[in-house]
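The values are calculated or read from the model by the stated rules, or taken from the named source; none is laboratory data. Bear in mind the structure is a predicted one, so any value in this text is a computation, not a measurement. Neighbour counts run over all protein chains shown; Cβ positions are idealised from the backbone, glycine included.
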Amino acid sequence: MPVVHSFDPPERFVAGTVGQPGQRTFFLQARTGTRLISVALEKQQVAALAERVEELLDEVLAADGTASQVPAIAPLDSADNAPLEQPIEEEFRAGTMTLSWDPDDHRVVIEVFPFTEAAVVSPDQVDEELTEPEPEELLLVRLTPGAARAFVQRSERLVEAGRPACPFCGLPIDPEGHLCVRANGFRRRDPV
């Protein structure tokens, strides 16, 4: 039986970073009272989770017309621009994440499972019957729709705050520039 770090609902649930753009470590952090958990993940996972949460809320809003329970945008008083809370102690690194809507409680349910090598499937294993081992722990967060919209808003700002993208190849430009493959190796610099 896995250890379930459950927050229903959390007082705070945010994505945040530690470090400078290009060298940032991304975290999901949940807190209720003095209980705090930090889960490391990739930038792409933050972007994908925010995108899917937004799509889920939009689908629920369109299907049910529950505007009183699902706001179309993040409530003004729900913005959270504070840094991650200290101490940041990585509980585990995120692997698989699931997302669902609980229609009874009107909550967005996010489950984050630890990364395991067993979850990585090689191309020659696609047709095989595989069983994933039971995780030792997981993060379970149940968000109100307003809190979920605020999470999306903060996560989008966080992802966009990274290094600027090269207008030619789309790869990130470091402060010292980057070798652009579409410009035949010409070294492009970040326009300051």
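So the values come out like this:
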read-out	value
Only listed residue being within 14 Å of the chain's Cα centre (by Cα) and in the same structural domain as Ala148 (by TED's automatic domain parsing), chosen from Val60, Val46	Val46
Pairs, first closer than 12 Å to Pro21 by Cα and not assigned by TED's automatic domain parsing to the domain that holds Gln20 in the range 172-185, second of a type in the set (D, E, K, R) and modelled with pLDDT under 75, C-beta under 8 Å, six or more apart	Ile173/Arg188; Ile173/Arg189; Ile173/Asp190; Asp174/Asp190; Pro175/Asp190
Complete set of residues in the range 91-107 that are of a type in the set (A, V, I, L, M, F, W, C), crowded, with 18+ Cβ neighbours inside 10 Å and under 21 Å from Pro135 (Cβ atoms)	Phe92, Ala94, Met97
Set Glu111, Glu117: member being at pLDDT 95 or above and assigned by TED's automatic domain parsing to the domain that holds Pro10	Glu111
Qualifying residue in the range 164-178 (condition: in a helix (DSSP H, G or I) and in contact with a strand residue (DSSP E or B) (Cβ under 8 Å, 6 or more places away or on another chain))	no
Residue that is modelled with the lowest pLDDT, among those in the range 120-154 that are assigned to a loop (DSSP other than H, G, I, E, B) and surrounded by 12 or more Cβ atoms within 10 Å (Cβ to Cβ)	Glu132
